[in-house]
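Quick notes on the structure that follows.
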Amino acid sequence: MSYSFEEIAEDIEASAQRSIVATLEGKQYSQKNVVSWTDELNELILKDACKLSDNLKYVVSTVIIQNKNEEEKSNTSTAASEITMSSAALCNATTDGAVTVKWDNKTLSVVVTVYGILI
């Protein structure tokens, strides 16, 4: 059992990466599937995190956006896949933490952030 997020951060990051690939690899962006994909990702990541340490509370935030193709990019000043995200939390730096995993393919981009807070 882990007593700090730092001890399991690499495992959380690897788990999130595996979950993203398992859920989205080979998929094309589809607005109608985004909600189910984010729900599936969040559940998979939370389940794996709880197996690593059950004395931390976890928060998972998942964002999926559509990537524009090259033709659409040339017709606009910015691409839809260009996104800036920021988060902040007041926590105990010795026990709590967060990891962010980014992944994309030709049609979609995903950003997953996992927060772990000692109970």
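We did not get these values from a lab; they are worked out from the coordinates using the rules stated. These figures come from a predicted structure and were not determined experimentally. Backbone-built Cβ (ideal geometry, glycine too); neighbour counts: all protein chains shown.
Residues that are among the charged types (D, E, K, R) and assigned to a helix (DSSP H, G or I) within the range 12-63 comprise E13, R18, K32, D39, E40, E43, K47, D48, K51, listed in sequence order. Quick one: count up the residues across the range 24-68 that are more than 11 Å from the chain's Cα centre (by Cα), among the β-branched types (V, I, T) and buried (at least 19 other Cβ atoms within 10 Å of the Cβ). Here the count works out to 0. The residue list V21, V60 contains one member that is touching a strand residue (DSSP E or B) at 6+ places or on another chain (Cβ under 6 Å), touching a residue at least 40 places away in the same chain (Cβ under 8 Å) and within 30 Å of I117 (Cα to Cα), which is V60.
Residues of the range 34-53 that are touching a residue at least 60 places away in the same chain (Cβ under 8 Å) and over 16 Å from I117 (Cα atoms): L41 alone.
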